[in-house]
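Below is one structure; the comments refer to it alone.
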Amino acid sequence: MMRRREFIAAIGGAAAVWPFAVRAQQPATPVIGYLGIGSPDTEVSLAAFRQGLSEAGYAEGQSVTIEYRWAEGNPERFPALAAELVMLKVHVILTAGGTLAAIAAKRATATIPIVFTSVGDPVEEGLVASLARPGGNVTGFSVTLPDLIGKFLELLKESVPGASRVALLLKPDAMPDRAREVRLKEADTSARALGVKLQVFEARGRDDFDGVFSDMSKAGADALVVWPTPVFQLERRRLVDLAAEHRLPAVFPFRNFVEAGGLMSYGPNLRDLNRRAAIYIGKILKGTKPSDLPVEQPTKFELVINLKTAKALGIVAPPSLLARADEVIE
């Protein structure tokens, strides 16, 4: 039989241990891994991402921790940075660096949930089985629709009816070969239907821009389409300046190109995509499987026109185009 003194000591010891046991059973603060193409200074959608987390019930530094990994404009760093996040055992990874970031994260882990943004065709690019049922540990948000280049070409022809040679600027390694071939076939078909000759020019980064724009001028390009890719997004001011220098009317994929002085943009709102991606992450942290969250495509594309740039290029924007614009910068 336990003596009274021993019984009291046992109860006291249990009381001392109990709070620690409860504390150990409480879930740790969830950790999000953020894989970005640029840096905290260049990531235009970071505030929107935090807003989405707030809408999902999370506050950075309080109810959730974020581990940031930045490629500083070098997509080649994505595999190593994704591996770091996996080693940290984060609860979910957000990729904000296009297809290359999403592929790097997927190759780094088959178990940690991944939510991507700014991907072109996630099915063709091998990220998901289908949009409705992504399967596996990956889901997210696409920024393009089939034949988006065709829409760009239509807008250019409406703005510059005399354009007969259009340059298409793309980053050759921004997506798998198969996906690029599909997009180029769509673009060629659209160009033929509009009666324009499409010429493809490739640039891997800033060091290639001067030479590529010189080549466009030598080839007699009348206008320019810039393919959506995160590296071009980071270098938007340089691309806008070169288009102006070579007097090339250009259509860009996102509105911040036009805010930087570009002629025209047609594409989804990147800030809204990052906000919605954060809401997806909130659902995953609360137990939803990525495979149960369908990949979302853009439902609304914004048309933004810069009239100051149009005037500098000697272009009179047709009233029908201005009427359809979501915003006109004067």
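The values are calculated or read from the model by the stated rules, or taken from the named source; none is laboratory data. Because the structure is a prediction, the values reported are computed rather than measured. Cβ coordinates were reconstructed from backbone atoms using ideal geometry, including for glycine residues, and neighbour counts include every protein chain displayed.
Looking only at region 150-176, filter to residues that are charged (D, E, K, R) and either in a helix (DSSP H, G or I) or not assigned by TED's automatic domain parsing to the domain that holds Asp208 (or both); which one of those is farthest from Gln199 (Cα to Cα)?
Result: Glu158.
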Original post:
Is there any pair linking a residue in region 216-232 that is assigned by TED's automatic domain parsing to the domain that holds Ala250 to one that is hydroxyl-bearing (Ser, Thr, Tyr), with Cβ under 7 Å and at least six apart or on different chains, and which?
Top reply: Asp222/Ser164; Pro228/Thr144; Pro230/Ser118
Subject >> So Ser130, is it within 27 Å of Gly195 (Cβ to Cβ) and modelled with pLDDT of 90 or more >> reply: no
**OP:** Scan Arg206, Arg247, Arg237, Arg255 and give me the residue that is of a type in the set (Lys, Arg) and either crowded, with 22+ Cβ neighbours inside 10 Å or in contact with a strand residue (DSSP E or B) (Cβ under 8 Å, 6 or more places away or on another chain) (or both).
**Re:** Arg255
Subject >> Residue tally, condition under 22 Å from the mean Cα position of the chain (by Cα) and closer than 17 Å to Leu168 by Cβ, over region 209-234 >> reply: 10
Original post:
What number of residues in region 276-312 are closer than 20 Å to Leu145 by Cβ and either in contact with a Lys or Arg (Cβ under 9 Å, 6 or more places away or on another chain) or crowded, with 17+ Cβ neighbours inside 10 Å (or both)?
Top reply: 12
Subject >> Residues of region 238-256 satisfying the condition of being under 22 Å from Leu273 (Cα atoms) and charged (D, E, K, R) >> reply: Arg255
Subject >> Evaluation of Asn256 against (1) closer than 30 Å to Ser63 by Cα; (2) assigned by TED's automatic domain parsing to the domain that holds Leu307; (3) of a type in the set (S, T, N, Q) (one fails), failing number >> reply: (1)
**OP:** Considering (1) farther than 23 Å from Arg324 by Cβ; (2) modelled with pLDDT under 90, say which one Glu186 fails and leave the rest.
**Re:** (1)
Subject >> Entirely in region 177-234, the helices (runs of 4 or more DSSP H) that have 3 or more residues that are hydrophobic (A, V, I, L, M, F, W, C) and farther than 21 Å from Ser118 by Cα >> reply: 177-194, 206-218
